[in-house]
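S.K.: Here it is: the structure, laid out below.
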């Protein structure tokens, strides 16, 4: 489920980046951090799929935030490669 969600959200990012290139600033990191904040910190706990954010240690938040920043960088890198091959 996690990977499927990541692929779907990444595809939406790629589609939106075509019409809103400002989304690609900073190599996709803001996108990744937005996914972290909205999904990992709000939606997943609200759905009862993880502990509440205040019940998780700071280290877990830090690791998750960094992982999602890397996800954003990777998503932007893949978008650039796919875009260049489609031209």
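S.K.: In the list 16, 73, 66, which residue meets the criterion of being touching a residue at least 12 places away in the same chain (Cβ under 8 Å) and part of a helix (DSSP H, G or I)?
M.R.: One residue alone meets the criteria, 73.
S.K.: Answer yes or no as to whether residue 29 is touching a residue at least 12 places away in the same chain (Cβ under 8 Å) and surrounded by 15 or more Cβ atoms within 10 Å (Cβ to Cβ).
M.R.: So residue 29 fits the description; yes.
S.K.: Does residue 11 fit the bill of being under 30 Å from residue 86 (Cα atoms) and either in a helix (DSSP H, G or I) or at pLDDT below 95 (or both)?
M.R.: For residue 11, the condition - under 30 Å from residue 86 (Cα atoms) and either in a helix (DSSP H, G or I) or at pLDDT below 95 (or both) - is met.
S.K.: From the list 59, 79, 85, exactly one residue is buried (at least 17 other Cβ atoms within 10 Å of the Cβ), in a helix (DSSP H, G or I) and modelled with pLDDT of 95 or more. Which is it?
M.R.: 79
S.K.: Tell me, yes or no, whether the range 36-46 has at least one residue that is closer than 17 Å to residue 79 by Cα, surrounded by 15 or more Cβ atoms within 10 Å (Cβ to Cβ) and within 12 Å of the chain's Cα centre (by Cα).
M.R.: No, the conditions are met nowhere in the range 36-46.
The values are calculated or read from the model by the stated rules, or taken from the named source; none is laboratory data. On a predicted model such as this, the values are computed, not experimentally measured, just so you know. Heads up, the Cβs are rebuilt from the backbone with ideal geometry, glycines too, and the neighbour counts pull from every protein chain shown.
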